[in-house]
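The values are calculated or read from the model by the stated rules, or taken from the named source; none is laboratory data. Bear in mind the structure is a predicted one, so any value in this text is a computation, not a measurement. No Cβ is skipped: glycine too gets one built from the backbone with ideal geometry, and neighbour counts run over all protein chains shown. Please note that ligands, DNA and RNA were not included when accessible areas were found on the heavy atoms of the full protein model with its side chains. Shrake-Rupley method; radii C 1.70, N 1.55, O 1.52, S 1.80 Å.
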Amino acid sequence: MIRIVIAEDQQMLLGAFGSLLDLEEDMEVVGKASNGAEAVDLVRKYKPDVCMMDIEMPGKTGLEAAEELKGLDCKVIILTTFARTGYFQRALKAGVKGYLLKDSPSEELASSIRSVMEGKRVYAPELMDDVYGEENPLTDREKEVLELVADGKNTQEIADQLRIKTGTVRNYISAILDKLDVKNRIEAITQSKEKGWFK
């Protein structure tokens, strides 16, 4: 019997996933959580084979919970609405065994859990295309400048740190905005985070 903990902050979905999996002869839902912290507690308490969780939950997100559960003998599967490359890459670093999208057919859910139990990894195909299909267009120096901008440094501080002129920093920033096709620094930072381009 595959023992499962589910974490989902939308009660109706939590109930639906639970009912769906309980219908499977080889599966049993042993705990339901409505946030990441509860999920971690339930996994420690019940020691399930699989913890299936959403990402965006109050308090502790599914990714933070997955990072906390890394190293425990419980396979984590993320089930989310968000096909964001940054989330996916963070999930991979946390050792997540599956990353599925909520709009996948319901029968895929049980078969994905069985595949993960057999030692396979199951990732939504849309994410694989994103991760391997999109290269960061910025040069190393542009990446460095954008990371300093993300750290909250102003043009003068960046110029001082990189030992270049403020005009050069401005040129780098306008090249970054151009290449990423965004209007301002905040959009550039957001896009880079979502695509998992920051170190």
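Brief remarks follow.
- Candidate set from the range 1-42 (those that are more than 21 Å from the chain's Cα centre (by Cα) and among the charged types (D, E, K, R)); member that is nearest to LYS75 (Cα to Cα): ARG3
- Applying the condition of being assigned to a loop (DSSP other than H, G, I, E, B) and more than 18 Å from VAL40 (Cβ to Cβ) to the range 57-100 and asking which residue is most open to solvent (accessible area, probe 1.4 Å) yields THR81.
- Number of the exception - GLU194 against (1) more than 30 Å from ALA16 (Cα to Cα); (2) in contact (Cβ under 8 Å) with a residue 40 or more places away in the chain; (3) open to solvent by 40 Å² or more (accessible area, probe 1.4 Å): (1)
- Sole exception among (1) in contact (Cβ under 8 Å) with a residue 60 or more places away in the chain; (2) on the phi > 0 side of the Ramachandran plot for VAL50, by number: (2)
- Residue in the range 6-44 that is least open to solvent (accessible area, probe 1.4 Å), counting only those that are within 20 Å of PRO105 (Cα to Cα) and among the β-branched types (Val, Ile, Thr): ILE6
- Options VAL40, VAL116, VAL122; residue that is more than 26 Å from GLN191 (Cα to Cα), among the β-branched types (Val, Ile, Thr) and touching a helix residue (DSSP H, G or I) at 6+ places or on another chain (Cβ under 9 Å): VAL40
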